[in-house]
1. Nothing charged except the Cβ atoms of Lys and Arg (+1) and of Asp and Glu (-1): what's the magnitude of the dipole of region 1-122 about its Cα centre? Round to the nearest 20 debye.
2. Heavy atoms of the protein only, probe of 1.4 Å, neighbouring chains included. What is the accessible area of residue 116 in Å², nearest 10?
3. Give the Rg/Rh ratio for region 30-156, taking Rg as the radius of gyration of the Cα atoms and Rh as the Kirkwood radius, to two decimals.
4. What is the Cα centroid distance between region 78-92 and region 146-174, reported in whole angstrom?
5. Which angle between 0 and 90 degrees, to the nearest 10, do you get for helix 66-81 versus the longest principal axis of the chain when only C-alpha atoms count?
6. Helix 167-177 versus the longest principal axis of the chain: what angle, 0 to 90°, nearest 10, using Cα atoms?
7. What is the angle, in °, between the Cα long axis of helix 19-28 and the longest principal axis of the Cα atoms in the chain? Nearest 10 is fine, range 0 to 90.
8. For 136, 219, give me the order by solvent-accessible area with a 1.4 Å probe, most accessible first, ignoring ligands, DNA and RNA.
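The values are calculated or read from the model by the stated rules, or taken from the named source; none is laboratory data. Bear in mind that the values here come from a model prediction, so they are computed numbers and not experimental data. Using ideal geometry, Cβ is built from the backbone for each residue, glycine included, and neighbour counts are taken over all protein chains shown. Ligands, DNA and RNA are stripped out before the accessible areas are found, and what is left, the full protein with its side chains, is counted by its heavy atoms. Shrake-Rupley method; radii C 1.70, N 1.55, O 1.52, S 1.80 Å.
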Amino acid sequence: MWEISANSNPETARIWASPSRIWTATQLNWPSLYSNLVVTTSEALWGFALAIVIGIALGAILYLSSLANAALMPILTAAQTLPLISVTPFFLWWFGFDDSGKIALVTLFSIFPIAIQTSRGLRAVPRYFADVALTCGASRTWTLWHVQMRVAARQIFSGIRIAGTYIFATAATAEYMGSRHGIGLFLQSAYNATQAPLVWAATISIVILTGIVMLAVICVERLLLGNPADDNIN
């Protein structure tokens with residue numbers, strides 16, 4: 001239906017490109033599309049990896065310290081509500097048009113769900129898990145990282161999945177506003193040239209890459225934690 005409706009009207013075909021035109025445009029422009037996707041993928045994955053490490057550590061701090069929770073939670077919440085378009089110019093001024101600014105932006109906008117879910121997951125761990133470990137001679141640090149984190153791992157992974165859904169969109173939006181390369185710049189060029197098939201090609205590429213990351217996170221969760229249906233902490 002998409003193919004037929006897009007080709008039935010010249011005006012519709014110009015704006016709402018048909019799947020066949022999108023496929024043809026992708027093939028013709030694949031070298032440029034691929035090279036820009038590689039840049040955006042690198043920025044998104046580096047930012048995502050940093051966000052996972054910082055987010056889990058920050059979530060543990062929020063759980064351990066009520067003072068840190070009171071001081072940092074408003075800042076995290078405020079940062080999450082800021083529009084990307086209003087924050088990006090500052091990162092461009094600080095980092096220039098280099099990849100480091102895009103990585104920092106992806107990290108900033110990915111930390112919040114990971115930190116929050118880590119903190120919530122740790123608070124939901126039944127107290128007797130820690131009590132048993134401490135009674136057996138384990139230190140509080142060992143108990144936190146090897147017992148409580150393990151029990152809270154499902155909720156931590158839920159935060160990682162939430163963050164993973166928009167890492168490519170964040171990187172691409174930042175590139176759109178200012179970059180030397182990347183899929184955001186590719187999108188900007190396609191928009192300025194009124195090339196709807198190329199806009200669609202870039203957009204679908206972002207969706208596919210996001211799906212691949214989500215699948216990878218799910219696979220890692222299954223490998224580390226097993227089937228969720230088999231969980232039983234009672």
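1. Here the size comes out at about 180 debye.
2. 20 Å²
3. 1.11
4. Result: 20 Å between the Cα centres.
5. The answer is roughly 10 degrees.
6. 50 degrees
7. 90 degrees
8. My answer, sorted largest first, is 136, 219.
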